[in-house]
Amino acid sequence: MPLEGFLKLFFKNNIPSLNSYSDIYNLAFEYVSNNKNKRHLSKILKQAITLNIPITEEDISSLHFISVQLLRFKQFEDVKIICNRILDVEPRDCQTILLLLSIAFYEKDRIKIISYCNALLECDYQKYIKELQPTLMSGIPEIRNSIKHIADAFHNAGNIFIEINEYNNAIRVYKIAFEIDPSLIEAHHNIGTMLYKLKRFPEAIKYFKKDIELIELNSKDYPSHPKIKELKNEFLSRIYFNIGKSYFRLDQLAECKRYLGISVTLEGKSKNIDEATNELLSIFEHNPEL
């Protein structure tokens, strides 16, 4: 083989030693963009672990990209190292906490999951969402939906808080999830459910009634398909049922029966509404925790 050809082959198969996080990011971005050798990409990314220089605020966005790429290679320990370095510089960094939370879920590390869910309560999510606003115009669905994915992450954190009976924290992250994605009606409804559990019944009713408005508003753009209508009525039935329960706890039986009646009707089952309502009232009376 001619010397020139040998040198090209040699340098093609060897990765240069990089001296900054931005250099690692730039080369890694080139590899990702052009779908180059993944084994070489992995070696490029791993240089961020061995690079022994302080992290500045300007480095954080580069390290986010590097961490995401390492996560795709399932290099969890490397991602943890980088993320913890970032948190030493910026302990409220939302994207970093979300990355660590995703790893904790994958590894089923209950203690870490709860820890990172608590960290989300104090993170700078508004700054992160602002940075992501341009992605809403992306033609790539995965990028375009990135903000919705973050809302889902906060929603999942709320579910974790429910499991450990931390209802006030659940309310806080559900509010953030709904703030990030106002189409996430389930998060809004869960706020009302938590308020009910905390026996804050008037507030719960306010949220449940707002749920109905949101569903009606969001369903205007959908075609009148039987399956969609069925799912809508199922959700509405649950909401009216919860409103009825809340009025029962406030000893407002007339309002309670009215909303329970609507709930029964929306179920679409052939049953006597008065009998069904009285049956539900009997259940409430014998189960104060319902």
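The values are calculated or read from the model by the stated rules, or taken from the named source; none is laboratory data. Just so you know, these numbers come straight off a predicted model, no measurement behind them. Every residue, glycine among them, receives a Cβ derived from its backbone with ideal geometry; neighbour counts consider all protein chains shown.
Going through segment 62-94 one residue at a time, which ones are outside any loop (DSSP other than H, G, I, E, B) and of a type in the set (Lys, Arg)? Those that are outside any loop (DSSP other than H, G, I, E, B) and of a type in the set (Lys, Arg): Arg72, Lys80, Arg85. Restricted to segment 116-132, and to residues there that are among the aliphatic types (A, V, I, L, M) and under 21 Å from Ser62 (Cβ atoms), the residue that is surrounded by the most Cβ atoms within 10 Å (Cβ to Cβ) is Ile129. Considering each residue of segment 133-160, count those that are within 11 Å of the chain's Cα centre (by Cα) and either surrounded by fewer than 20 Cβ atoms within 10 Å (Cβ to Cβ) or farther than 18 Å from Glu90 by Cβ (or both), and give that number. Number of matching residues: 13. If the condition is being assigned to a helix (DSSP H, G or I) and within 23 Å of Cys94 (Cα to Cα), then segment 43-61 contributes Leu45, Lys46, Ala48, Ile49, Glu57, Glu58, Asp59, Ile60, Ser61. Entry remark, segment 61-82: residues being of a type in the set (A, V, I, L, M, F, W, C), farther than 16 Å from Lys38 by Cβ and either surrounded by fewer than 20 Cβ atoms within 10 Å (Cβ to Cβ) or without any contact (Cβ under 8 Å) to a residue 24 or more places away in the chain (or both) number 2 in total. Ile44 fulfils the conditions (1) surrounded by 15 or more Cβ atoms within 10 Å (Cβ to Cβ); (2) among the β-branched types (Val, Ile, Thr); (3) out of contact with any Phe, Trp or Tyr (no Cβ under 9 Å at 6 or more places or on another chain) except for a single criterion, (3). Of all residues in segment 14-24, none satisfies being assigned to a helix (DSSP H, G or I) and under 26 Å from the mean Cα position of the chain (by Cα).
Whether any residue in segment 220-228 is out of contact with any strand residue (DSSP E or B) (no Cβ under 7 Å at 6 or more places or on another chain) and modelled with pLDDT of 75 or more is what I want to check.
The answer is no; no qualifying residue exists.
Among the residues of segment 191-211, those that are closer than 14 Å to Tyr240 by Cα and of a type outside the set (Phe, Trp, Tyr) comprise Gly192, Thr193, Ala204, Ile205, Lys206, Lys209, Lys210, Asp211.
Considering segment 227-259, the residues that are under 20 Å from Leu198 (Cα atoms) and of a type in the set (Val, Ile, Thr) include one that is surrounded by the fewest Cβ atoms within 10 Å (Cβ to Cβ), namely Ile239.
Considering only segment 127-142, how many residues are among the hydroxyl-bearing types (Ser, Thr, Tyr) and in a helix (DSSP H, G or I)? Counting residues in segment 127-142 that are among the hydroxyl-bearing types (Ser, Thr, Tyr) and in a helix (DSSP H, G or I) gives 2. Determine whether Glu166 is within 24 Å of Phe248 (Cβ to Cβ) and either surrounded by fewer than 22 Cβ atoms within 10 Å (Cβ to Cβ) or of a type outside the set (A, V, I, L, M, F, W, C) (or both). Here the answer is no, as Glu166 does not meet what is asked.
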